[in-house]
Amino acid sequence: MAPRHVVLIGGGHAHVQVLRRWIMRPPQDAVATLVVDRAVAVYSGMVPAWVAGEVPRHALEIDVRPLARRAGVSIVIGAVEAIDAAAQRVQIAGRGSVPYDIASLDVGSTVAWLDVPGVREHAIPTRPIGGLLDHLKLDLVRLADRAHVDLVVVGAGAGGVEIATCLSARLRGMGKTVRCTLLSAASDVLPGAAPAVVTKVRQAVEARQIEVRTDARVARVERDAVWFEDGSALRADMVVWVTGAVAHPWIAASGLPTDPRGFVQVRDTLQVVGHDTLLAAGDTAFLVNHPWVPRAGVYAVRQGPLLVDNLDAWLRGARMSEYKPQSDFLSMLNLGDGTATVAKWGVAWHGAWVWRWKMRVDTRFMQAFQVLGPDGSTDTAFGRMMPEMSEDMACGGCAAKVDATTLTTVLGEDATRDDAARVSMGGGQIVASVDGFPPFTDDPWLVGRLAVVHALNDLYAKGVTARSVLLTLAVPDHAAPHVLEGLLAGARATVEAEGVTLIGGHTATGMSMFVGVTVLGDGGWWSNAGAKVGDLVVLTGPIGSGLLWRADGLGRARGPWMDALIATSVRGAREAGEVARAFDVHAATDVTGFGLAGHLSNVARASGVSIALDAARVPAFDGARELLAGGLRSTAHAPNAASCPLPGLGDAAVDDLVYDPQTAGPLALVVAATGAPGLVVALRERGFDAAIVGRVLPAQDGAPLHLGRGEG
């Protein structure tokens, strides 16, 4: 029987706890997928500390990608557009839908009143939180030369109070005079809070020279002013929009039962009303039996253990537990000057000791989920608590090629031939190539997508126009249905993006997943045997993908590193090949399983020349050199190095990159020296990280390739 498919939608406070628990106790007879719109989740409780300049950004970020990897959970980076709860499918922008047997929603909330004129153009909303941090950083740079700043914070709940006090403190710490106005549509700050708490916070706000304007209703926001419904205006250099939480519109549009603000209605088991196979937690959820529960992070944190217990109970066919929310919670507000206010049971306290307490609580919570340090190091509190993943697994993708030494022994001189072939047919010629490999990641959609990109690059490396694609898809016996569906959907996404035609294929079952791709095209031809002495070698993009995919499988790759890798890989080499057609290309190859060194060695042997490769100029993906310096290598690295030994230059993080196997890698173009600089400029103008990385020299006995510095 195929394993059940659990889908976690969102990387909120409850879901990160599910992932952590699954590291220690994986779900039985199930596979799981995490769907998030960005790999890095931000802990809202520490945002004020960052705003005030008290902590670095990493302190409040949870990189859910390595956390998911440690839990054995596949991760999909994409925005959810809808949920069809009846059909049990999640619609993801740009990649179709994903089926589930049971799913959970923990996607937080967005900000109310974003449709007020000018807000989206001129204000900074506090959701999504990652966007808030990005925009505040840009605005702080924009205002760096200003001696005075008019700051307006719209919304005087707990979030508005913290933003106003902390951002004012940050600006004053930059040597500026600040006029800060905190706008409340109610009669005071903290609407709904106990009078003693309101009084204490109001005193703290006024002591920081922040003006509170009550019963204030904003009509529109302009570039330098906030206008009110009564016709008055307030000058503003920076406007932060903290107007309370509302649900993401797609939740109600999906037909799910919601409260008036669009939050999905759930029973005490956290199951969505009327849909037992869909759960929801955190800000996303409205507890129908406890409508008084506020949208506060403490409730999402408390729901995490119950959520994972109930997911496991459903998988076992056991009875689910019920959530019993606490009647009150400890509320701490950071006031930006090394002090904080704490309130509970209608009583409030204030002081530096509260700030220290809050920082200890927040830091301890974050350390439980931060798998990697900001440099990708595993020397973290999490790393010291949790065992490392096994490194015994072999790399997939193009790193799973038969090594070059064995291939040369079997094929002889044929091993240096082009990956594509020209075939005469019906008075014309077609160009054909075949490629295929086992998966390099556990996201079938991405495997299918990049398998076709990788195969098409064989044609683009020859200057050929791709026309059609054939597929061979193999999936494991008893694989969940979404595996084959995902492979095919990913392949189709590339076919559509590249403007080629999928003309057929074959499917099979086997021991593991495998994707085979045959590509057909026509047009110009760049052989790998045409390099001439004096030519320069242009690399159209960065390398290091084999290393990063291995690190990802081991839970050692940061989410932003993988986001950049995937964005570059899915783009493929078609546009780079088209740009290069305007230049004098003498030889070309795509960089794949044998690494840059192996493929340039083949070009050199086939052309009867030698190539001096400047490893220091080779562009690398973010994180690749850090991982090399930390001792990580692809499992194909050693055979690649053995088949093409080069004298090192003393820096493994530079030299060893040239042996790394690439899946959907860049093109290496051997170009006439007069045209190479222009080609690099043209590629960079199109967004390619291109560089001149080598020079063609006369043949040297037994040395088709050597490393140098400044050779390019």
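Just so it is clear, none of the values below were taken in a lab; they were calculated from the coordinates. Just so you know, these numbers come straight off a predicted model, no measurement behind them. Don't worry about glycine lacking a Cβ; one is built from the backbone with ideal geometry, like all the others, and counts go over all protein chains shown.
First select every other residue whose beta carbon is under 9 angstrom from the beta carbon of Phe329; then total the charges, Lys and Arg +1, Asp and Glu -1.
Residues close to Phe329 contribute a combined charge of +1.
Which residue, Gln429, Asn457, Thr509, has the largest displacement toward the positive end of the dipole of the stretch 419-524 when charges sit on each Cβ (Lys, Arg +1; Asp, Glu -1)?
The residue sitting farthest along the positive end of the dipole is Gln429.
Whole angstrom only: what separates the Cα centroid of the stretch 146-208 from the Cα centroid of the stretch 489-505?
54
Dipole size in debye (nearest 20) for the stretch 312-397 around its Cα centre, Lys and Arg Cβ +1, Asp and Glu Cβ -1?
My answer is approximately 560 debye.
What's the local net charge at Gly426, with K and R +1, D and E -1, over the other residues with C-beta under 15 Å away?
That sum, taken over residues with Cβ under 15 Å, equals +1.
From the backbone phi of the stretch 618-630, what are the Karplus-calculated ³J(HN,Hα) couplings (6.51 cos²θ - 1.76 cosθ + 1.60, θ = phi - 60°) in whole Hz, Gly and Pro given as x?
My calculation for the stretch 618-630 gives 6, x, 10, 5, 3, x, 5, 5, 5, 5, 4, 4, x Hz in order.
So what J values fall out for the stretch 580-589 if you push phi through Karplus, 6.51 cos²θ - 1.76 cosθ + 1.60 with θ = phi - 60°, rounded to Hz, Gly and Pro as x?
5, 4, 7, 10, 8, 8, 9, 7, 7, 7
Show me the ranking of peptides 289-302, 608-621 by mean Cβ neighbours inside 10 Å, starting with the highest.
On the way: 289-302: 16.1, 608-621: 21.1.
Ranking, from highest mean packing down: 608-621, 289-302.
Using the Kirkwood radius built from alpha carbon pairs, what does the Stokes-Einstein equation give as D for the stretch 527-712 at 37 °C and 0.692 mPa s, in µm² per second?
My calculation gives 203 µm²/s for D.
Rounded to the nearest 20 Debye, what is the dipole magnitude of the chain about its Cα centre when Lys and Arg each give +1 and Asp and Glu each give -1 at the C-beta?
For the chain, the charge dipole is close to 1420 debye.
Using only the Cα atoms, what convex hull volume per residue in Å³ does the stretch 37-186 have?
Working: hull volume 23.0 nm³, N = 150.
Cα-based convex hull of the stretch 37-186, divided per residue, equals 153 Å³.
Which order, highest average first, do 509-522, 11-24 follow once you tally other Cβ atoms within 10 Å for each residue and take the mean per peptide? Each step should come with its number before you reach the end.
Numbers: 509-522: 18.4, 11-24: 24.4.
Packing order, densest peptide first, comes out as 11-24, 509-522.
Please compute the contact order of the stretch 527-712 in relative form: average sequence separation of alpha-carbon pairs under 8 Å and at least six residues apart, divided by the residue count, as a percent.
Working: 402 pairs, mean separation 84.2, N = 186.
Computed over the stretch 527-712, the figure is 45 percent.
Can you give me the C-alpha center-to-center distance between the stretch 585-631 and the stretch 275-331, rounded to a whole angstrom?
Result: 52 Å between the Cα centres.
Over the chain, what number does the Rg to Rh ratio reach, with both radii from the alpha-carbon atoms and Rh per Kirkwood?
1.02
For the chain, what's the relative contact order in percent, using C-alpha pairs closer than 8 Å and at least 6 residues apart?
Value for the chain: 13 percent.
Give me the net charge of Leu234's neighbourhood, meaning all other residues with Cβ under 9 Å from the Cβ of Leu234; Lys, Arg count +1, Asp, Glu -1.
Once all neighbours under 9 Å are counted, the net charge is +1.
So which helices of the chain fit the span-like rule, where a helix is a whole DSSP H run, its Cα atoms reach 27 Å or more along the axis, and its mean Kyte-Doolittle is at least -1.0? The partial results should precede the final answer.
Values: long enough: 297-316 (29 Å, 0.19).
Qualifying helices: 297-316.
Take the Cα coordinates of the stretch 119-245, assign each an equal point scatterer, and use the Debye formula without solvent to give log10 I(q)/I(0) at q = 0.11, 0.12, 0.22 Å⁻¹.
-0.35, -0.41, -1.41
Count the DSSP beta bridges whose two residues both fall in the stretch 527-712, then state the antiparallel fraction as a percent rounded to the nearest 5.
If we restrict to bridges inside the stretch 527-712, about 80 percent are antiparallel.
For the peptides 481-487, 452-458, what is the packing order when you average, over each peptide's residues, the other Cβ atoms within 10 Å and list the highest mean first?
Those peptides, ordered most packed to least, come out 452-458, 481-487.
With contacts defined as alpha carbon pairs under 8 Å and 6 or more residues apart, what's the relative contact order of the stretch 207-264 in percent? Walk me through the intermediate numbers first.
Details: 51 pairs, mean separation 10.6, N = 58.
With pairs under 8 Å counted, the relative contact order is 18 percent.
Which one of Thr277, Gly593, Thr406 is farthest out on the positive end of the charge dipole of the chain, using unit charges on Cβ (Lys, Arg +1; Asp, Glu -1) and the Cα centre as origin?
Ranked along the dipole, the leading option is Thr277.
Add -39500 (n - 2.57) for each DSSP H run of 4 or more in the chain, then divide by its residues: what number comes out at 222 nm, to the nearest 500 deg cm²/dmol? Intermediate values should be presented prior to the final figure.
Details: 22 runs with 229 residues, N = 712.
My calculation for the chain gives -9500 deg cm²/dmol from helical runs alone.
Given the stretch 419-524, what whole percent of its Cα pairs are spread farther than 22 Å?
29
Please list, or write none, the lysines whose alpha carbon is within less than 23 Å of the alpha carbon of Lys324, excluding same-chain residues fewer than 8 places away.
Lys344
About the Cα centre, and with charges only on the beta carbon of Lys, Arg (+1) and Asp, Glu (-1), how big is the dipole of the stretch 516-582? Nearest 20 debye, please.
Working: 7 positive and 6 negative charges, 43 e Å.
Result for the stretch 516-582 is approximately 200 debye, rounded to the nearest 20.
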